[in-house]
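A short worksheet on the structure shown next.
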Amino acid sequence: MMMTSKLPRFALREVNFMKYKIKEVSEMTGVSTYTLRYYEKEGIIPPIGRDEAGRRYYTNDNLAWIELVTCLKETNMPVIEIKEIVRLSQIGDQTIDDRKVILQTHKARMLDQIKSLENGITKVDKKLDFYNGAGTC
């Protein structure tokens, strides 16, 4: 079942254009202001808007990118691949297939890591059983 927002359409557009200061974004995401600046400088997130005084302002779209980057980093995706996803996204929808390949490859690596961890857990369990007198190692 698809959920729909109770906000009127004009309010949804307004929410998408909310502007946040770097300190607010840092507090909202748990990513330091230093790291946010680094992400932008290195192309790990798309470019951030600036106000008339040159101060960064972040939108909800930027917050979504930061959330995605945080997730991908937590799953050990190499930074070079994250940057490639950002670069391809800026080109447009014609790169969706390329982005899918990057994500599918990363998912396969994650599944391999899960298998490896499961094998390690099995070995640790056997050693614990041995120490508890329940078997051989």
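The values are calculated or read from the model by the stated rules, or taken from the named source; none is laboratory data. No experiment lies behind these values; they were computed from the predicted model shown. Positions of Cβ are generated from backbone atoms using ideal geometry, with glycine treated the same way; all protein chains shown enter the neighbour counts.
Considering only residues of segment 8-18 that are within 27 Å of residue 74 (Cβ to Cβ) and not β-branched (Val, Ile, Thr), which is modelled with the highest pLDDT? Explain how you work it out, then say what you get.
From segment 8-18, those within 27 Å of residue 74 (Cβ to Cβ) are 15-16, 18; that's our starting set.
Okay, now just the ones that are also not β-branched (Val, Ile, Thr), so 16, 18.
Working: 16: 57, 18: 88.
Restricting to residues being within 27 Å of residue 74 (Cβ to Cβ) and not β-branched (Val, Ile, Thr), the top hit is 18.
Could you please let me know if residue 75 is loosely packed, with under 13 Cβ neighbours inside 10 Å and polar (S, T, N, Q)?
Answer is yes for this residue.
Can you say whether residue 91 is touching a helix residue (DSSP H, G or I) at 6+ places or on another chain (Cβ under 6 Å), aliphatic (A, V, I, L, M) and within 19 Å of residue 41 (Cα to Cα), as far as the supplied structure shows? Steps first, answer last, please.
Details: touching a helix residue (DSSP H, G or I) at 6+ places or on another chain (Cβ under 6 Å): no; aliphatic (A, V, I, L, M): yes; within 19 Å of residue 41 (Cα to Cα): yes.
When the stated conditions are applied, residue 91 does not pass them.
A quick yes/no check of all residues on (1) touching a residue at least 40 places away in the same chain (Cβ under 8 Å); (2) closer than 28 Å to residue 22 by Cβ:
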| residue | (1), (2) |
| --- | --- |
| 65 | no, yes |
| 70 | yes, yes |
| 101 | no, no |
| 110 | no, no |
| 120 | no, no |
| 128 | no, no |
| 131 | no, no |
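Taking interchain pairs and intrachain pairs at least six residues apart, which have beta carbon atoms under 8 angstrom, with the first residue in segment 36-57 and in contact (Cβ under 8 Å) with a residue 24 or more places away in the chain and surrounded by 12 or more Cβ atoms within 10 Å (Cβ to Cβ) and the second assigned to a loop (DSSP other than H, G, I, E, B) and of a type in the set (Ser, Thr, Tyr)?
Partner pairs satisfying both residue conditions: 49/59.
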